[in-house]
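To keep things clear, I will list the structure first and then write my remarks on it.
The values are calculated or read from the model by the stated rules, or taken from the named source; none is laboratory data. Given the structure is predicted, the values throughout are model-derived calculations rather than measurements. Heads up, the Cβs are rebuilt from the backbone with ideal geometry, glycines too, and the neighbour counts pull from every protein chain shown.
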Amino acid sequence: MHHWLVKSEPVKYSWEKFNKEGRTFWDGVRNYQARNNLKLMKEGDLVMWYHSNEGKEVVGIARVVKEFYQDPTTDDTNWVVVDLEPVEPLKKPVTLEQIKADERLKDVGLIRQGRLSVMALKREEFDRIIELGS
C-alpha cells in the first residue's frame with residue numbers, strides 16, 4: 001500500500017462536502033507530476049486530505065476506490081482522475097506550520113513542492129501526521 005496527500009481549496013471542494021457526497025473523482029489536475037502520481041495510485045491506498053489556501057491543514061483520510069481513468073471534465077486524454085471515498089476525519093487538523101516545525105516531516109513533499117496538488121507520502125510521514133492529529 002502507498003500513501004498520498006491531495007490538496008483542495010475548501011471553497012472549491014471541502015472535506016465536509018466530500019463526506020456528504022461519500023465519494024468523488026479527483027479531477028482538474030493539470031500538472032504532469034501530479035497526474036503521474038494519480039496514475040500510481042492503487043485501489044486501497046490511503047490519502048490525506050489537505051485544505052489549501054484557507055486553513056492550510058490536513059483534515060482527514062480518504063481511500064482510493066477506483067484507479068485512474070480519463071478525466072471526464074476534459075477531452076484531453078493526457079489527464080486522468082481516481083475515485084476517492086472518505087475514511088475518517090483527523091481528531092484535530094494538522095496545520096502546515098506544525099508540519100514545517102516537525103523534524104520528522106522536514107522532507108515531506110508538502111514543504112518541498114508546495115504547489116503540487118497530488119503527492120506521495122512515505123509511510124513514516126503519513127503515520128506522523130496521524131499522530132499529530134490525534
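Some observations on this one:
- Taken residue by residue, the stretch 46-65 has no member that is touching a residue at least 24 places away in the same chain (Cβ under 8 Å), touching a strand residue (DSSP E or B) at 6+ places or on another chain (Cβ under 8 Å), more than 15 Å from Lys7 (Cα to Cα) and not β-branched (Val, Ile, Thr).
- Residue in the stretch 75-104 that is farthest from Thr24 (Cα to Cα), counting only those that are of a type in the set (Asp, Glu) and more than 17 Å from the chain's Cα centre (by Cα): Glu103
- Conditions (1) touching a strand residue (DSSP E or B) at 6+ places or on another chain (Cβ under 9 Å); (2) of a type in the set (Lys, Arg); (3) without any contact (Cβ under 8 Å) to a residue 60 or more places away in the chain; (4) closer than 18 Å to Ser8 by Cα: number failed by Lys20: (1)
- Residue count for the stretch 111-134, restricted to those that are surrounded by fewer than 16 Cβ atoms within 10 Å (Cβ to Cβ) and more than 24 Å from Lys17 (Cα to Cα): 8
- Qualifying positions in the stretch 95-107 - within 15 Å of Trp49 (Cβ to Cβ) and either at pLDDT below 95 or of a type outside the set (A, V, I, L, M, F, W, C) (or both): Thr95
- Matching residues in the stretch 105-134 - criterion: being within 21 Å of Trp26 (Cα to Cα) and either in contact with a Gly (Cβ under 6 Å, 6 or more places away or on another chain) or of a type in the set (A, V, I, L, M) (or both): Leu110, Leu116, Val118, Met119, Ala120, Leu121
- A single member of Lys20, Lys66, Lys12 is at pLDDT below 95 and over 14 Å from the mean Cα position of the chain (by Cα), and it is Lys12.
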